[in-house]
Amino acid sequence: MPRGNNISRVLMVAVVACCCAWSAASAQVAPDRPLHLARVAGYVVDTKGKPVVHVEVTLLKDDAVAYKTTTDDSGAFQFDHVVGDFWFRVARTENAPAVREIHVGDLIESYLERKKLYVIVGPGACADACSSIFTSKREFDKAIKNKNRH
């Protein structure tokens, strides 16, 4: 009888391990949902919170540049009269690029919230995963603060 209990325990541990592994793997593969915006405007900064100036910011549609602008001296950018689904991209400079899927359009929540994009670009040696894009100023400020703790 004790031998049967050991087999049951081994099987239970194996099942739990498989479920945990599957859950972790699916959490890693799940893509971010598109950000919903009424208009495309915001700021690009580095991990220290300093503006990234004169960097190219594009909106891609069907793998082609649909709109293009550059950040100003305060790291700000803006696109006017844009509607549709795009890939928002901040180009690679000495910093890492930033990419995020966005939907610009007619959702009432988008108009009410008037979200801006707050972009933190990571170090240049990193891939896209080093950069972060927020629509919450509070979360953006918190991320900058966390990145600069010593």
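A short reminder: the numbers here are calculations on the coordinates, not readings from a lab. Since we're looking at a predicted model, the values are computed, not measured. As a convention, Cβ positions derive from the backbone with ideal geometry for all residues, glycine included, and neighbour counts pool all protein chains shown.
Some values worked out for this structure:
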| item | result |
| --- | --- |
| Point-to-point label distance, Cys126-Asp63, nm (Cα→Cβ direction, 7 Å offset) | 2.8 nm |
| 5 angstrom amide H check on Cys126, placed H, neighbours 5+ away | Ala96 |
| Distance (nanometres) between label positions extended 7 Å along Cα→Cβ at Glu56 and Glu101 | 2.4 nm |
| Ranking of Tyr118, Tyr67 by count of other Cβ atoms within 10 Å, fewest first | Tyr67, Tyr118 |
| Of Lys68/Lys142; Lys50/Lys116; Lys48/Lys137; Lys116/Lys145; Lys50/Lys115, pairs whose Cα-Cα distance is over 24 Å | Lys68/Lys142 |
